Amino acid sequence: MITGELKSQIDRIWNDFWTGGISNPLTVIEQFTYLIFLKQLDDKQILIEKEIALLGGTTKKMIYGEGQKELRWSYFKDKDPEVLFDLFRKPQRHLNDLTVFDFMKTLGADGGKFSEYIKGATFMIETPKLLDKVVQQIDKLPLDNRDTKGDLYEYMLGKIAEAGTNGQFRTPRHIIRMMVELTQPQKEDLICDPSLGTAGFLVAAGQYIQDNHEDWFLEKKFREHFNTNMFNGLEIDPSMMRIASMNLQLHGMENPNLVGGSALAESNEINGKFNLVLANPPFKGALDYDEVESSLLQVTKTKKTELLFLALILRMLKLGGRAAVIVPDGVLFGSSGAHKNIRQELVDNQQLQAVISMPSGVFKPYAGVSTAILFFTKTNSGGTDKVWFYDMQADGFSLDDKRNPTISEELLEACFKNPTQTANEVTGKCDIPFILNDWKTINQQPTTNNFNDRTQKSFLIPKAEIIANDYDLSINRYKEIVYDEVIYEKPQTLLDEIKAIDKKRQEAMLELEKMLR
């Protein structure tokens, strides 16, 4: 968990960018990312040099060559601001006409996965003073600790939403974590997010494995799987691709498989590859039919991206693969043929397991749309029996534009670590521990009768009833509301009371007239 002091350090860096003329939060994140990467390159080189000094040699490839010391963080961080700035902006003839920034972009695969996505990067720090300030402060950050540097970057990414710009790229971290906890990534899984953004889902999946299955890392085969094949993503925005790849590296996932371009395009031919898909696809988008991969239109002919992504996810999953996907409420009850077709596909031909309805404030301040999370498994042969519905009414934060926490960070963490013990402490403020507990109970005791009361937040609905309701998956279709009995006075009694009040009013008026005579 990030400390107050580290938050203050990041805040100072953010403010320096702001006062230095860079106010777009996405640009701040990008420039911050490039500088972190440069520091990491030099840190790796230092480790290689230590290995050579200790062992007399190494099998690792050097990052910096002979005569390139001026391009290294450990060299330029102590230079005067003007000299430092020149190294970033003016090609140095004795260094093959390279700037520090040029060198970073020419690394290719030698610099790790992130370096593959920075060819189009632009250096946008315009003054020596700003560059020097930021370099000095980044140099003080504890980037040698995986957990800390990951948290630092997550906190920085959180400022995108705080600034009210590009907020569509942010899914609340605790919602992502809840989805990962419910799907429980497995040892052999190939995990994918087809709408990658800043890679929050993949980071959370990796963190879940690191926190819960340390023993897996004792096996060389799993370590290679974790670092190369396990984490996959598709993203259309090059800026997001750069940020996502750095985010993954800082969290210990060295070489994820990230693909640029539209996940819905004809060029995407991924079929039956992944065991687990975690996603929050874009809402309210629309594409022309000729822009969409034809097999997706066979599942549901539509231009709406939220429906097309569900068809895409089904295609990308292996048989037995599972998915947790955030969708707008319209997907659950929309009356068009495309809406009904995708719901019928999930209920009849796949195994739909759960619908968690979330309050409309979860994505504020940048979106007030009501959403739900669908959990399903690809079977191509049905399997839906009963569908678990949960009416999530609180997530640990206020549901207004401010999204202030209603429970402490420590208590929110306990909701995941010890949901059974924490539930009573957060009743009415956070439903996450109740969701985790109920999901566990339902999966361990599939014949349980504890979830038949539809007046509660959590209940099971049989497949036959969903079909009878035209495949409607909105929770309000099935939830029963208990109304308190209200007893009203008889009309004549109310009239008598009004007359009595009026009589007193008239008497008061007469008394007042007497006093004025």
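Odds and ends about this structure:
- When restricted to residues that are in contact with a Lys or Arg (Cβ under 6 Å, 6 or more places away or on another chain) and under 22 Å from Leu131 (Cα atoms), the range 32-61 contains 1.
- Selection count, the range 45-68, where residues are among the charged types (D, E, K, R) and modelled with pLDDT of 85 or more: 3
- Inter-residue pairs, beta-carbon under 7 Å, first closer than 12 Å to Ile10 by Cβ and in the range 131-159, second modelled with pLDDT of 80 or more and of a type in the set (Ser, Thr, Tyr), 6+ apart: Leu157/Thr198
- Residues located in the range 441-493, provided they are part of a helix (DSSP H, G or I), exposed (fewer than 12 other Cβ atoms within 10 Å of the Cβ) and within 32 Å of the chain's Cα centre (by Cα): Gln444
Every residue, every condition in (1) open to solvent by 60 Å² or more (accessible area, probe 1.4 Å); (2) of a type in the set (Ser, Thr, Tyr); (3) modelled with pLDDT under 75, yes or no:
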site	(1), (2), (3)
Leu87	no, no, no
Arg93	yes, no, yes
Asp97	yes, no, yes
Met104	no, no, no
Ala109	yes, no, yes
Thr122	yes, yes, no
Ile125	no, no, no
Val134	no, no, no
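- Scanning the range 372-383 for residues that are open to solvent by less than 20 Å² (accessible area, probe 1.4 Å) and modelled with pLDDT under 95 turns up just one, Gly382.
- Complete set of residues in the range 327-370 that are closer than 19 Å to Phe434 by Cα and touching a residue at least 60 places away in the same chain (Cβ under 8 Å): Ala354, Val355, Ile356, Ser357, Met358, Val362
Conditions (1) open to solvent by less than 20 Å² (accessible area, probe 1.4 Å); (2) free of Cβ contacts under 8 Å to residues at least 40 places away in the same chain; (3) farther than 27 Å from Tyr155 by Cα, marked per residue:
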{"site": "Thr3", "(1), (2), (3)": "no, yes, no"}
{"site": "Ser23", "(1), (2), (3)": "no, yes, no"}
{"site": "Ile36", "(1), (2), (3)": "yes, no, no"}
{"site": "Leu55", "(1), (2), (3)": "no, yes, yes"}
{"site": "Glu70", "(1), (2), (3)": "no, yes, yes"}
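- One residue from Glu188, Glu181 being modelled with pLDDT of 95 or more, open to solvent by 10 Å² or more (accessible area, probe 1.4 Å) and closer than 20 Å to Glu409 by Cα: Glu181
- Given (1) surrounded by 12 or more Cβ atoms within 10 Å (Cβ to Cβ); (2) closer than 18 Å to Ile356 by Cβ; (3) of a type in the set (Gly, Ala, Ser), index of the condition Gly428 fails: (1)
- Among residues of the range 382-404 that are outside any loop (DSSP other than H, G, I, E, B), those with a beta-carbon under 9 Å from a residue that is open to solvent by 30 Å² or more (accessible area, probe 1.4 Å) and of a type in the set (Val, Ile, Thr) at least six positions away or on a different chain give the pairs Asp395/Thr406; Phe397/Thr406.
The values are calculated or read from the model by the stated rules, or taken from the named source; none is laboratory data. Every value quoted in this text rests on a predicted model; they were computed, and no experiment measured them. Neighbour counts run over all protein chains shown; Cβ positions are idealised from the backbone, glycine included. Areas reflect the complete protein model, heavy atoms only, side chains present, ligands, DNA and RNA absent. Shrake-Rupley method; radii C 1.70, N 1.55, O 1.52, S 1.80 Å.
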